[in-house]
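**Student:** Below is the structure I would like to discuss, written out as structure tokens.
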Amino acid sequence: MSTARQKIALVTGASSGIGEATVLQLLLDGYIVYAAARRVERMQGVKNAGARILVMDIVDEYQTLTA
């Protein structure tokens, strides 16, 4: 008997550019994706695609601990 393991990814800078493209590709590949960025207003596309949104600035230690 084998057990399937769900792959999970955290992508920073996910509101645009390479980060956004990475989120979309990982979702297509079957990952659960946590998409992190400062600009929540630009995250609607990845949210609609199925990503779980984390609004945070990765260089702010408090935000990374509480996200």
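**Student:** If I take the Cα coordinates of the chain and project them onto the principal axes, what are the three extents in Å, biggest first?
**Tutor:** Taking the Cα atoms of the chain, the three principal extents are 44, 24, 17 Å.
**Student:** Please list the non-local residues whose amide H lies under 5 Å from the amide H of L54, H modeled 1.01 Å from N, same-chain partners needing a gap of 5 or more.
**Tutor:** A35, A36, A37
**Student:** Let me ask something else about it. At most 13 other Cβ atoms within 10 Å plus a DSSP loop assignment makes a site exposed; report the longest stretch of the chain without any exposed trypsin sites (Lys or Arg not before Pro).
**Tutor:** Working: sites that count: R5, K7, R39.
The longest such stretch corresponds to 8-38.
**Student:** Any chance you could give the angle, 0 to 90 degrees and rounded to 10, that helix 17-28 forms with the longest Cα principal axis of the chain?
**Tutor:** Helix 17-28 sits roughly 30 degrees off the main axis of the chain.
**Student:** Magnitude of the Cβ-charge dipole of the stretch 8-66, K/R +1 and D/E -1, about the Cα centre, nearest 20 debye?
**Tutor:** On the way: 5 positive and 6 negative charges, 36 e Å.
That gives the stretch 8-66 a dipole magnitude of about 180 debye.
**Student:** Spelling out what I want: for every residue of the stretch 35-45, take phi, set θ = phi - 60°, compute 6.51 cos²θ - 1.76 cosθ + 1.60 (Karplus), and round to whole Hz; glycine and proline get x.
**Tutor:** Values per residue, Gly and Pro as x: 9, 10, 6, 7, 9, 4, 5, 9, 9, 4, x Hz.
Just so you know, all these numbers are worked out from the coordinates, no wet-lab data involved. Just so we're clear, the structure is a prediction, and the values are computed from it rather than from any experiment. As a convention, Cβ positions derive from the backbone with ideal geometry for all residues, glycine included, and neighbour counts pool all protein chains shown.
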